[in-house]
Amino acid sequence: MKTAVILNGPNLNLLGTREPAVYGAQTLADVEKLCADACAVHGFKLDFRQTNHEGVLVDWLQEAGRNQAAGSVAGVVLNAGAYTHTSVALHDAIKGAGVTLIELHISNVHAREAFRHHSYISPAAKAVMAGFGVQGYPLAIAGLAALAAVHSDR
Ligand code: DQA
């Protein structure tokens, strides 16, 4: 059974109390439960993490890339938070790690401030999802399963 790695960046630990009109009322623990249920449906083990630190995300992406190459990881769902819009280091880490990655945002970043319209993650990502609220997480896990099915047809 392969692992779906779900990585959350800065301020996502505040879900539930942080701008609920934008991000909803569910907490990060609620999101982890949604992910656990989706992983059970799709036959993945869940590895769910959050950090406020950019370099920690770089380390985790490199780890996921090594584990994907070794066959134990299916891919990564990354909500990089505000680092999406600033981080060349995360762009380089995704490319360098060679990891299959779905970029995820709870909100529709394209309907928000102009500074959220550019992503350093998107050019390195396999797929991009935004605007489904926290239900985007289980949808992204379904997406990882769909990508894995495509690859197993080869
Ligand atoms: C976010 C959108 C980002 O612009 C923001 O900085 C976040 C959360 C989202 O999930 O909608 O922290 O990634």
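The values are calculated or read from the model by the stated rules, or taken from the named source; none is laboratory data. The structure displayed is predicted, hence computed values, not measured ones. Cβ sites come from the backbone with ideal geometry, for glycine too, and all protein chains shown count toward neighbours.
Please tell me if Val58 is crowded, with 18+ Cβ neighbours inside 10 Å and in contact (Cβ under 8 Å) with a residue 60 or more places away in the chain. Spelling it out, it is not the case that Val58 is crowded, with 18+ Cβ neighbours inside 10 Å and in contact (Cβ under 8 Å) with a residue 60 or more places away in the chain. Each residue in the range 1-49 was checked for being within 11 Å of the ligand (Cβ to nearest atom) and either closer than 18 Å to Ile102 by Cα or of a type in the set (S, T, N, Q) (or both), and 7 pass. Among residues of the range 11-39 that are of a type in the set (Lys, Arg), none has a beta-carbon under 8 Å from a residue that is buried (at least 17 other Cβ atoms within 10 Å of the Cβ) at least six positions away or on a different chain. Here Val150 does not qualify as over 18 Å from Leu28 (Cβ atoms), surrounded by fewer than 19 Cβ atoms within 10 Å (Cβ to Cβ), β-branched (Val, Ile, Thr) and in contact with a Ser or Thr (Cβ under 9 Å, 6 or more places away or on another chain). Checking each residue in the range 98-154 for being within 17 Å of Thr84 (Cα to Cα), in contact with a strand residue (DSSP E or B) (Cβ under 6 Å, 6 or more places away or on another chain) and of a type in the set (Val, Ile, Thr) picks out Val99, Thr100, Ile102, Val109, Ile121, Val128.
In the set Gly55, Gly24, Gly71, Gly81, only one residue is more than 14 Å from the chain's Cα centre (by Cα), more than 23 Å from Ala146 (Cβ to Cβ) and at pLDDT 95 or above; that residue is Gly55.
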